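K.L.:
Please read through the structure below; I'll follow up with questions.
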Amino acid sequence: MTNIKTLSYLGLSMRAGKLVTGEEIVLKAIRSSEAKMVIVAGDASANTQKKFRDKCGTYKVPLLIGFDRDSLGSSIGKDTRVVLAVTDRGFAKMISKQIGIMSEVEYIE
């Protein structure tokens, strides 16, 4: 249930224009302090996960590793997505509150 709710929050933030997707765009959002939370698919390559773990750690951006690329993509109405960044503090707060309830994701701050 909370899994579905979290994914619907991602769709809501996409429709509100508060979500960016794509590796280079997300990296740019992290560097410019625009990203309030980064989400990386759990089935992303180890190299991709490490890259975003390191970048988010350096810039102190909360990172969520979980879900799969298909559910991330379908939640925002797109094809498969490996990395997303939420650019609104309110949406990031709502998602992290839901994540606190979930157990199938790895949450790193």
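K.L.:
Report every pair of residues separated by at least 6 positions or lying on different chains whose Cβ atoms are under 8 Å apart, first residue within the stretch 53-64 and without any contact (Cβ under 8 Å) to a residue 40 or more places away in the chain and open to solvent by less than 30 Å² (accessible area, probe 1.4 Å), second in a helix (DSSP H, G or I) and not aromatic (Phe, Trp, Tyr).
P.N.:
Cβ pairs passing all conditions: VAL61/ILE30; VAL61/LYS55.
K.L.:
A follow-up question, please. Which one of these is at pLDDT 95 or above, under 12 Å from the mean Cα position of the chain (by Cα) and not hydroxyl-bearing (Ser, Thr, Tyr): PHE52, PHE67?
P.N.:
Values: PHE67 fails: at pLDDT 95 or above.
The match here is PHE52.
K.L.:
What tally of residues in the stretch 58-97 results from selecting those that are touching a Pro at 6+ places or on another chain (Cβ under 8 Å) and more than 13 Å from SER13 (Cα to Cα)?
P.N.:
1
K.L.:
So which of ASP88, ASP68, ASP79 is acidic (Asp, Glu) and open to solvent by 70 Å² or more (accessible area, probe 1.4 Å)?
P.N.:
Answer to the selection: ASP79.
K.L.:
Of all residues being free of Cβ contacts under 8 Å to residues at least 12 places away in the same chain and either under 14 Å from LYS51 (Cα atoms) or not in a helix (DSSP H, G or I) (or both) in the stretch 1-30, which is most open to solvent (accessible area, probe 1.4 Å)? Just the residue, please.
P.N.:
Per the stated criteria, the residue is MET1.
K.L.:
Given (1) part of a helix (DSSP H, G or I); (2) of a type in the set (A, V, I, L, M, F, W, C); (3) in contact (Cβ under 8 Å) with a residue 24 or more places away in the chain; (4) farther than 15 Å from ASP88 by Cα, where does ALA44 come up short, assuming only one miss?
P.N.:
That leaves (1) as the condition not met.
The values are calculated or read from the model by the stated rules, or taken from the named source; none is laboratory data. Just so we're clear, the structure is a prediction, and the values are computed from it rather than from any experiment. All Cβ positions, glycine included, derive from the backbone under ideal geometry; neighbour counts span all protein chains shown. Keep in mind that these areas ignore ligands, DNA and RNA; they rest on the heavy atoms of the full protein, side chains included. Shrake-Rupley method; radii C 1.70, N 1.55, O 1.52, S 1.80 Å.
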